[in-house]
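Taken together, the values in this text are just the output of simple stated rules run on the coordinates, not laboratory data. Computed from a predicted structure; not experimentally measured. Reconstructed Cβ throughout: ideal geometry from the backbone, glycine too, with neighbour counts over all protein chains shown.
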Amino acid sequence: MAASELNPPPRLLMGPGPINADPRVLRAMAAQLVGQYDPSMTDYMNQTQALYREVFRTTNEQTLLIDGTARAGIEAALVSLVRPGDRVLVPVFGRFGYLLAEIAERCGAEVLIIEVGWGEVFAAEQIEQAIRTHRPALLALVHGDTSTTMAQPLADIGAICRQHDVLFYSDVTASLAGNDFAADDLGLDAATAGLQKCLGGPSGSAPVTFSPRAVEVINSRKRIEAGIRTAGDAAHEASPGETIRSNYFDLAMIFDYWGPRRLNHHTEATSMLYGARECARLLVAEGMDAAVERHRLHGAAMLAGVQGLGLGVFGDIAHKMNNVVAVRIPDGVDDAGVRGALLDGFGIEIGTSFGPLQGMVWRIGTMGYNARTDAVLTTLAALEQVLRRAGAQVTAGGGVGAAYEVYADAAVTG
Ligand SMILES: Cc1ncc(COP(=O)(O)O)c(C=O)c1O
């Protein structure tokens, strides 16, 4: 088969992620490869670890990349931390809570779920009560769930977990760098992410971080592959029942690969590492507080814009993530028709939704490289035209006008 040159259509990706990658990240990814143990490569690995400590706001030594999309980070964390039979508590407030429960179950955990309605978040007391009742070994909690746009408050949960001797893990894929977050201050033992949201890169690399308490659990399950083991390693062999049930996601071995031993594991995905390093380098240069503020501003402008058009917004806005909004589809308007018209006429992609929200809301993101004034204003202008043609009652100029006001106010106060 003769395939033509790859030439993707120009798109403005304003859904809940993936978003357009920052061109500087794409350029970094096009750099030539070096050998796996080339001093420049091991330097890049060390730099990447240091940069992600700043992004996660942690001093955790074990801060590194898992090769794979965000769920590779989730799988690595859960399969390495959870022993078969361990109890794992998962508070579910959207699609990604179910994903954590599903992965924990596949790791052999006894999974206990508590739920609130989509569009809501948990009070710390509800989580503490469930911990008292179920006595889990680990709490697995999504921070920002793009399926509902809610950001679960994490303050107080770390202290509750310490008090009850529970490991605290959070999936911060959708929220990291766009919403307030500091792994150490929150008392987290593990956090995992992906590049394709507020980090401004493509999916395919999962930044992760583990506290010394989590590392102790993981290393107690250590088993080094026979072909690379040396005499001194035999003493570290975990008993067969303890062994981590995945080779690829065995964090004990991955720590040795990223650490001073450089013990061979997988072949690091060099181009993805270049990209992940550039994502973090750009954020650290901007400043993490400034990055969160940028997401807050453009998220506020988009929210004001859709409301200015006269559209309804789904969920508890007080707990909405900065970087995504769920817009109610007006009665009688065809969900797929509007998204298709935005894509065909304007090259703009907005997101559909899952489960109980399918056909009820669109999810519009303002994140990473696309947390920009021009991206917000262009999207609102296009949405107004497409909605009007689809028969919806929208306020003429109300979207761009309201967003413009938010930017004008920020310019005065900022
Ligand atoms: C909160 C959350 N967790 C996990 C994932 C899964 O990420 P991936 O598709 O990169 O594996 C996503 C993706 O949207 C997400 O938003």
* Please say if the range 78-218 is rounded, prolate or oblate, where rounded means a/c under 1.5 for a ≥ b ≥ c the square roots of the C-alpha gyration tensor eigenvalues, and otherwise the choice is prolate for a/b larger than b/c and oblate otherwise? => rounded
* Quote the Stokes-Einstein diffusion coefficient, in whole µm² s⁻¹, for the range 240-286, based on the Kirkwood radius over alpha carbon pairs, a temperature of 37 °C and a viscosity of 0.692 mPa s. => 259
* **Exposure proxy ranking, count of Cβ atoms within 10 Å, fewest first, for 40, 147** => 40, 147
* Structure fact -> Checked the range 202-315 against the a/c 1.5 cut and the a/b vs b/c comparison, axes a ≥ b ≥ c from its Cα gyration tensor; verdict prolate
* Quick one: divide the alpha-carbon radius of gyration of the range 288-413 by 2.2 N^0.38 Å and tell me what you get. => 1.00
* Among 154-161, 183-190, how do they line up from the highest to the lowest mean number of other beta-carbon atoms within 10 Å? -> 183-190, 154-161
* Asked: At residue 132 and residue 106, where each label point lies 7 Å from the Cα along Cα→Cβ, what is the point-to-point distance in nanometres?
  -> 3.5
* For residue 11, put the label point 7 Å out on the Cα→Cβ axis and report which residues of the range 19-62 keep their amide N under 15 Å from it. => 19-22
* What FRET efficiency, computed as 1/(1 + (r/R0)^6) with R0 = 35 Å and r the Cβ-Cβ distance, is obtained for residue 242 and residue 54, rounded to the nearest 0.05? -> 0.55
* Do you know the relative contact order of the range 113-212, to the nearest whole percent, from alpha carbon pairs under 8 angstrom that are 6+ apart? -> 22
* For the chain, what does -39500 (n - 2.57) per DSSP helix run (n ≥ 4), summed and divided by total residues, give at 222 nm, in deg cm²/dmol to the nearest 500? -> -12000 deg cm²/dmol
* When ranked by the protection proxy of mean other Cβ atoms within 10 Å per residue, highest first, what sequence do the peptides 376-389, 17-30, 91-104 form? -> 91-104, 376-389, 17-30
* Nearest-ten-degree value, helix 398-413 long axis tilted from longest Cα axis of the chain -> 60
* Extended-chain gain in nm, criterion 0.36 nm per residue less alpha-carbon gap, residue 344 and residue 3 -> 120.4 nm
* Asked: Out of the DSSP beta bridges found with both residues in the chain, what percent are antiparallel (nearest 5)?
  -> 50
* Provide 48, 413 in ascending order of the number of other Cβ atoms located within 10 Å of each residue's Cβ, fewest first. => 413, 48
* Might you report the magnitude of the Cβ-based charge dipole of the chain about its Cα centre, with Lys and Arg at +1 and Asp and Glu at -1, to the nearest 20 debye? => 360
* Asked: D for the chain, whole µm²/s, Stokes-Einstein with Kirkwood Rh over alpha-carbon pairs at 25 °C and 0.890 mPa s: what number?
  -> 110
* May I ask for the percentage of alpha-carbon pairs in the range 163-259 that lie more than 16 Å from each other? => 64
* Could you grab the relative contact order for the chain? Cα pairs under 8 Å, six or more apart, rounded to a whole percent. => 22
* For 114, 228, what's the fewest-to-most ordering of other Cβ within 10 Å of each Cβ? -> 228, 114
* If the chain between residue 316 and residue 293 were fully stretched, how many nm would it gain, using 0.36 nm times the residue separation less the Cα-Cα distance? -> 6.2 nm
* Measure nothing fancy, just the Cα-based angle from helix 95-106's long axis to the longest principal axis of the chain, in degrees from 0 to 90, nearest 10. => 20
